[in-house]
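Encoded as structure tokens, the structure appears first; notes follow it.
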Amino acid sequence: MPAIGYVTKQNDGTFKGQLKTLSITASLEIVKNPSKKATDNQPDYRVVANKVEIAQRGLRRPKVLATSMSASA
């Protein structure tokens with residue numbers, strides 16, 4: 001499947017690139033969410049095209065399974 005966009009990581013941690021389809025060509029930027037706090041449910045990143053937010057994305061984190069341990073004497 002061909003890619004419709006490419007981004008390059010910048011020195012400041014953002015990603016910049018271009019989204020290109022048959023009908024759309026847009027500058028694309030992926031930036032960290034400045035208002036993200038460790039305890040809230042806001043996304044980790046925001047995707048911006050032509051200065052308009054078009055998507056939000058959180059990082060995928062592995063689910064930790066709780067296991068019970070029993071001590072035997």
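The slack between Q18 and Y6, meaning 0.36 nm per residue of separation minus the straight C-alpha distance, is 3.7 nm. Among K37, K9, which comes first, then next, by fewest other beta-carbon atoms within 10 Å? Placing the least packed residue first, the sequence is K37, K9.
Amide H to amide H, with H built 1.01 Å from N, D44 comes under 5 Å of R57, G58, L59, counting only residues 5 or more places away or on other chains.
Here, each number is a calculation from the coordinates, and none is a lab measurement. Values in this document were obtained by computation on a predicted structure and should not be read as measured data. Using ideal geometry, Cβ is built from the backbone for each residue, glycine included, and neighbour counts are taken over all protein chains shown.
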